[in-house]
Structures are given as structure tokens and as C-alpha cells.
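Here's the structure, in C-alpha cells; my notes come after.
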Amino acid sequence: MALEKFQMLIDGQWVPAQSGKTFDSYNPATEQPWATFPFADEQDVDRAVQSAHNTFLSAAWALTTAAQRGKLLRRLGDLIADNTSQLAELESRDNGKLIRETLAQVRYLPEFFYYFAGLADKTEGETLALDKPDMFAYTVREPLGVIAGIIPWNSPLYLTAIKIAPALAAGNTVVLKPSEHASATLLELGRLVMEAGFPAGAVNVITGYGLPCGDALTRHPLVRKVAFTGGGESARHVIRNSAENYAKLSLELGGKSPNIIFSDADIDSAVNGAVAGIFAAAGQSCVSGSRLLVQQDIYDEFVSKLTARAERIVIGDPAQPETEMGPMATKAQLETVEKYVDIALTEGARLRTGGKRADLAAGWYYTPTILECTRHSDTVVQEEIFGPVATVIPFADEAEALALANDTQYGLAAGIWTQNLAKAHRMIKGIRSGIVWVNTYRAVSAAAPIGGYGQSGYGRECGSDAINDFTQLKTVWINTSSEPMADPFIMR
Ligand code: NDP
């Protein structure tokens, strides 16, 4: 079958890489290449950043009012809504995510653009209560300039929307680098950005590998902020690059989130929450509830019910609406999952279910896996696997649950399942993570900040504060005295 050929969006034009090189993208459900993308190198990165920089300074963008930018973002949200099925199908083919999951994500996507459209003309400086009678001072919030968006493969559209909506609302311009494993939908989003009426160069999309493309982008001297979502190793490169160009950073790096089930919880509801936490997106989610902590007196009942549900999960073609779990997005990710399960078994974990590839003719499928662990120090309990692997550990009481929950280098999310409001509040206060869900899991809103503590990164996306992160303050001083300014070298 002929491969679909994509081009990059630079300065409003659809272009190949200057070198003419391309790379293939694979459909994880078939293991076959389905599309080719330009292989961007330093030259292409420079073109894209120069375009974003020129647009940032141009009258066509710099003189837009905040209200006009809000209107453009609303139009973009409407266009996304008009193209829901097409975007969802494309993302599903490219990264193997279930069509039911991509459809749900894309249906919500316009809300991010509407939310930040609404904030565009409400992002204001303030007048300052100075201690100097003859001075008047105020602050202005101004955009930063060129923003680099580094996007992973697990949820490209969603993770892009939460970056570009506040970035554009605040008046910045953007260069996006999708993962080499899932570039297609960002190019399609680029087409909608142009259709919405944004000037050429306001959003550029370049496709390529972490090296050289992502590296060259994040160390480019004209980039003023990098909004990054991905793994810790790549984040360290981005942080080092920021020592060269002083770019601001926001880093969202995943986690090993505890999902804590107390014996007074509604057990069936908690089982559903545990399944949503770890088997949705085949566990390839930064907020996966991969560390299940279950109170001793309901441990057997809970694990039996969870195992039964995990074994009923329908694995298969992500394009089919009845499928409940799709493949790993890449062969490398599948091998990572296998490696971790092997380590778990060597370290003495008990395999309750799963632990092997799914029995399908093709595709990078792994079965929903539950590992019962006794030591919280086990590798699989401490390290992020990014696959459909839940570890389960019993706890005796609230104090032990809290100690185990916080025994991690990460701190992105946590789930608490209990009917006891006071207990929930005590746990919320004690848990060190950026998000806590009580009697629910994976709820997302444009209005609710997302981000982590510890090695889950820093900075927050979504919520009204997020737009400020894409601005810088200018402080203005006005001398209101009727006296001329005195000669500073004549002492009175
Ligand atoms: P990466 O961190 O490599 O990928 C994230 C993005 O960073 C991709 O666009 C990638 O490009 C880019 N990138 C890679 N190297 C550099 C660099 N030196 N400079 C700038 N950008 C770079 O994730 P992986 O795919 O390798 O996954 C590794 C692990 O990271 C996973 O197993 C998981 O634990 C975690 N992860 C977390 C995610 C989250 O949502 N927080 C999402 C994805 C992964 P390219 O893909 O082309 O190399």
C-alpha cells in the first residue's frame, strides 16, 4: 500500500525538509509503515523559529488586540469541532490509541481553545501601591516571543492544545515538534490554524527526531520558552539546553501515581476507577494510576474483582468501537513493558493476570497485567512503566497508606477511594502530588491545573494561571512630580 506523504508547516507553507530526507511512521495495530514525514534538521528548525520570530514582531500579529486573538482561538475551536471524526481517526491510526478514546479527547479539545480565548482579554497587569509619592507605576503583561512545544506520542492533540491555546492567547508564536511516532494530527491541526485566520508563522509544525530536531529547537537562541511533555531523560537534555538560551521551561514528566482504596470505599466504583487509571490508553498515560494500594480487609475481594474485569478487557483493533484496549504505540514501548514484567517476576512479584503479549496476528499488543508485590522498593513499584501494568500492595491503616503513597520520586497524581470525608481530607493534605482525585480518576478540565511535584516536573498547564506562564511582566515608572529631575551628582 502506498504511504501517505506529509509535509511540514513553516511560515504558512507546506514544505519538505531542506535535506529532502524523510522518515516513516508505523501503525501500531499492524506494525506496518503508513506514512512518511519530513526529517527536520537544524536548518529546518532555524527556518521555523525565524518564521515564528518574524511573525511575533510583525504588525499582523504584534498589533492584534487580545480580543482579536480570542476570536481567532474560538474560530480554531469551532474548526476542530467540525473535524472531530477525521482528527480522531488520524490520531488513532498514528499512535494506536482507541478510537473511543481519541474521539472523547477530540470532542473536548475545543474547550481548551474557548477557555483560553476567554482569558486572552482578561490577562492584565496592575497598578502598584508605591511608597513614593511622586511616582506612579504599573505592570503590563507581555508575551514572551517564540514558544517551543515538544509533544510526546501518547496524546498529541490534547497535549498540544493545552500548550498552544494559552501561548497564542497571550500573543506568543509557536513552533511545535511532535514525536517522531505520532506527527500526523499536529500537521492537521496546523492546517486548521491557518484556516482559522492566524497569520503565517504564528504556528509552525516541524517533524523529526529528538536528535537533531528537538535538540536544535530547544537550544535555539530565539526560543523564549519550552513547554515539554515526555520522559525524564529527554527533559534533562532540554534543561541543559536552557542553560544556553535562558528559555523558561514547563516540564510534565509522568509519574507513578498511587490509587488508594480504603475498605470503606464503594468497591465496584473503585474497581472501575482502577481500570480507568491503569488500562485506559493501555497504561500509556502520564497520570496512570499504576500503583494500587489496597486496604488489607478488602484486599482479596478487590484484587479478585479487578482481575476478573482485567481478563474481560477486549483487546484489538483500536479503530473498532467495541475495543477496550489497543496496542503499545511503539515496539520499543512493548519491549520496555516486557522488560519490567520480567524484572518484577525476578524480584518476587506474583503475577495475578496478564504478563504476556496478546495473542493477535499483528500489532504491539500486551495483555492487561496485575502484579502483586510485597515490597514497595521493588523496581516495578518505583519506576514508570508506561504500559498496562498495575502493581498492587496491601496496607493496614491510613498512616501506612500515606507513607506508601509518598514513597516515590514522582508526584503527578493520586486517587483516593473512601466514603469518609474527613479521611479523604487528611489524605489530600498529606499526599505530595499535583493532582488528587477523590472517588474518581483521570478527570480533566481546561479550568483545572495539571502538573507535578518532584520528578514529575514543574510548571502547570490549564487553569487561569497557565496563561501567565506565557507572559513576562514589564514594570512602568512615571514621574508625576512638578519638579524637574535633580542632577544626581549634586548633593543637597
Ligand atoms: P521522550 O521524552 O523521548 O519523548 C517526548 C518528546 O521529546 C518527543 O517529541 C521526543 O522526540 C522529544 N525529544 C527526545 N529527545 C529530545 C531532546 N534531546 N531534545 C528535545 N526533545 C527531545 O519519550 P519516549 O518516547 O522516549 O518515552 C520514554 C518514557 O517517557 C516513557 O516510557 C514514559 O515513561 C515517558 N513518557 C511520558 C509522557 C508523559 O505524558 N509525561 C509521554 C511520553 C513518554 P522523538 O519522539 O522524536 O524522539
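None of the figures in this text is laboratory data; all of them are computed from the coordinates on show. Predicted model, so just to flag it, every value in this text is computed and none were measured. Note that we place each Cβ from the backbone using ideal geometry, even for glycine, and neighbour counts take in every protein chain shown.
Past the 18 Å Cα-Cα mark, which pairs from Lys97/Lys331; Lys177/Lys225; Lys248/Lys474; Lys163/Lys248; Lys71/Lys225?
Lys71/Lys225, as the Cα separations exceed 18 Å there.
What are the aspartates and glutamates whose alpha-carbon lies under 14 Å from the alpha-carbon of Lys21, with same-chain residues fewer than 8 places away excluded?
Asp41, Glu42, Asp44, Glu180
Looking only at region 110-126, which residues have a backbone nitrogen under 18 Å from a spot 7 Å from the Cα of Thr65 in the C-beta direction?
Of the residues in region 110-126, 117-125 have backbone N under 18 Å from the label point off Thr65.
Obtain the nm distance between the two label points defined at Ser58 and Glu42 by a simple spin-label model: each point lies 7 Å from its Cα along the Cα-to-C-beta direction.
2.7
With r defined as the distance between the Cβ atoms of Ala399 and Arg191 and R0 fixed at 41 Å, what FRET efficiency is calculated, to the nearest 0.05?
The computed FRET efficiency comes out at 0.15.
Using alpha-carbon positions, what is the distance between the centroids of region 365-388 and region 404-449, in Å?
Here the two parts' Cα centres lie 20 Å apart.
Relative to the longest principal axis of the C-alpha atoms of the chain, give the angle of the C-alpha long axis of helix 156-169, reported between 0 and 90° and rounded to the nearest 10°.
It works out to around 20 degrees.
Restricting to bridges with both residues inside region 258-438, how much of the DSSP beta-bridge set is antiparallel, in percent to the nearest 5?
Antiparallel bridges make up about 15 percent of those DSSP assigns within region 258-438.
Using only the alpha-carbon atoms, how far is helix 421-430 inclined from the longest principal axis of the chain? Give it as 0 to 90 degrees, nearest 10.
Taking the Cα atoms of the chain, the angle to 421-430 is about 60 degrees.
Suppose every Lys and Arg Cβ carries +1 and every Asp and Glu Cβ carries -1, with no other charges. What dipole size does the chain come out with about its Cα centre, to the nearest 20 debye?
600
Residue separation times 0.36 nm, minus the C-alpha to C-alpha distance between Met1 and Phe489: what's the value?
Extra length available between Met1 and Phe489 comes to 167.6 nm.
Taking the simple approach of a point 7 Å from Cα along Cα-to-Cβ for both Asp264 and Thr374, what is their distance in nm?
3.1
Extension gain Thr139-Ile343, at 0.36 nm per residue separation less the Cα-Cα distance, in nm?
Between Thr139 and Ile343, full extension yields 67.9 nm more.
Please work out how much length the chain gains when fully extended from Gln13 to Gln32, using 0.36 nm per residue of separation minus the C-alpha to C-alpha distance, in nm with one decimal.
Using 0.36 nm per residue and subtracting the Cα-Cα distance, I get 3.9 nm.
Quote the charge dipole size of region 258-438 about the Cα centre in Debye, to the nearest 20; the model charges only the Cβ of Lys and Arg (+1) and of Asp and Glu (-1).
That gives region 258-438 a dipole magnitude of about 300 debye.
Looking only at region 313-334, which residues have a backbone nitrogen under 16 Å from a spot 7 Å from the Cα of Asp359 in the C-beta direction?
Output list for this probe position: 313-316.
Quick check: the distance between the Cα centres of region 88-164 and region 169-204, to the nearest angstrom?
One Cα centre to the other: 13 Å.
Using alpha carbons only, how many degrees (0 to 90, rounded to 10) separate the axis of helix 232-245 from the longest principal axis of the chain?
10
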